[in-house]
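Here's the structure, in structure tokens; my notes come after.
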Amino acid sequence: MKGKKNLKKQLKDLQPGDLICVSWTDASIGKSLGSGVAVDVPAKSWGIFIGLMGKRNQHIVLAQNNFQYSDGLYDIDYTAIPVSWAVTINVIDKNHVEKDEAEILFTSFLRGGRRMSTKHKQQKVRNHGNY
């Protein structure tokens, strides 16, 4: 259980806005690989830590891409990693994103990835094949 205690400490020390790398194990796609069946697939995800979310199963939420198309309009990609699947967390840069911006990213995540400034009318964004 030493590993899980260390992970809890790593999570406790994180602040929104920290740039981190999470090593975790993803589920397999259900196919056997050569000499046997791979159930746990090692994975690494990098991004800006914006918080822990979830009541039943907590997830580490990372903002990974932030596309600002116009003043106040964002389209943001996120990854949510179940805490129980996490192996280690490495902090690459503390406070990589200022607290205010991390809060905007978190609010955007809660609103479905898009944030509108109150100064502008909502605009439809076309990107990544949304035509």
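Laboratory data are not the source of any read-out in this text; all were calculated from the coordinates shown. These figures come from a predicted structure and were not determined experimentally. Glycine gets a Cβ as well: all are built from the backbone with ideal geometry, and neighbour counts include every protein chain shown.
Given a Förster distance of 41 Å, report the FRET efficiency between Asp100 and Val39 from their Cβ-Cβ distance, rounded to the nearest 0.05.
Details: r = 42 Å, r/R0 = 1.01.
After rounding to 0.05, the efficiency reads 0.50.
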How far apart, in nm, are two points set 7 Å out from the Cα along the Cα-to-Cβ line at Gln15 and at Asn65? 2.9 nm
³J(HN,Hα) computed for each position of region 47-58 - Karplus, 6.51 cos²θ - 1.76 cosθ + 1.60, integer Hz, glycine/proline x: x, 8, 5, 10, x, 9, 9, x, 8, 6, 10, 6
